[in-house]
Amino acid sequence: MAAPRQLSRFWEWGKNIVCVGRNYAEHVEEMRSALPSEPVLFLKPSTAYAPEGTPVLLPPYSRCVHHELELGVVMGARCRAVPEAAAFDYVAGYALCLDMTARDVQDECKKKGLPWTLAKGFTTSCPVSAFVPKEKVPDPHNLKLWLMVNGELRQEGDTSSMIFSIPYIISYVSRVMILEEGDTILTGTPKGVGPVKENDEIQAGIHGVISMTFKVERPQC
């Protein structure tokens, strides 16, 4: 395979968003869910991306939107059915991401056995940091993630606590769908998810690597 390109501009990597749910045991417990035997997958549209400097827009049909802090893996080359041992060869780098979730809507979807699209796929539901080349992250399974809302610490987690490793996730997803250069995989959230409201400020980071700040707003129309 060709070496993954260095993706720097947002438009180069703001493509498909594949999300993994229930990948931290303590988050599974706080959501009163069952531990998964294989990755739980869902998708967000490309319009969910919100680069730093743009606001997080609250969907008008929800009264309870939660933050979920996640490590994003940005793919650097097209791949299909990748063996775990070769998975990192297809990674271009990483980004800090938020999986913003309309929790009340998701709860209703779960009760009715419906997909989570309304809860997970609204515009700006995936705020992202700047791109971090993989050379700057020697071990993505040894990162400390944190998130604050209005200066209050809400989430802290270590990527070593993932149930499914990054190579396993890439291999698993690529057996389901072809992954394209620029696609991003969100790898799950640690415990501490919680609500945000209009005018809140969200700050989040990967300790020693990158941080980001977003304002929460309501759409004007």
Problem - Inter-centroid distance (Cα atoms) of the stretch 150-195 relative to the stretch 87-141, Å - result: 7 Å
Fill in the blank from the handout: Neighbour-count ranking for 43, 145, 98 (other C-beta within 10 angstrom, fewest to most) reads 43, 145, 98
Handout entry: In Hz, Karplus ³J(HN,Hα) per residue of the stretch 204-212 (6.51, -1.76, 1.60; θ = phi - 60°; x = Gly, Pro)
Key = 8, x, 10, 3, x, 10, 6, 9, 7
Fill in the blank from the handout: Contour minus Cα-Cα span, residue 107 to residue 33, at 0.36 nm per residue, comes to 25.5 nm
Fill in the blank from the handout: Under a Gaussian network model of the chain whose springs join Cα atoms within less than 10 Å, the largest fluctuation of 92, 34, 48 belongs to 34
Fill in the blank from the handout: Per the stretch 126-217, sqrt(5λ) over the Cα gyration tensor eigenvalues, sorted largest first, in Å, gives 25, 15, 14
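The stretch 103-195: which GluC sites (Glu not before Pro) are DSSP loop and have at most 16 other beta-carbon atoms within 10 angstrom?
Those that pass, being in a loop and sparsely packed, are 180.
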Handout entry: Gaussian network model of the chain, springs between alpha carbon atoms under 10 Å - residue of 112, 15, 44 with greatest fluctuation
Key = 112
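What length, rounded to one decimal in nm, is gained on full extension from residue 63 through to residue 88, with 0.36 nm per residue of separation minus their alpha-carbon distance?
5.1 nm
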Practice task
For an R0 of 35 angstrom, estimate the FRET efficiency from the Cβ-Cβ distance between residue 168 and residue 220 and round to the nearest 0.05.
Solution key: 0.25
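Bear in mind these aren't lab numbers, they're just calculated from the coordinates by the rules spelled out. All figures in this text were calculated on a predicted structure; none of them were measured in a lab. Cβ coordinates were reconstructed from backbone atoms using ideal geometry, including for glycine residues, and neighbour counts include every protein chain displayed.
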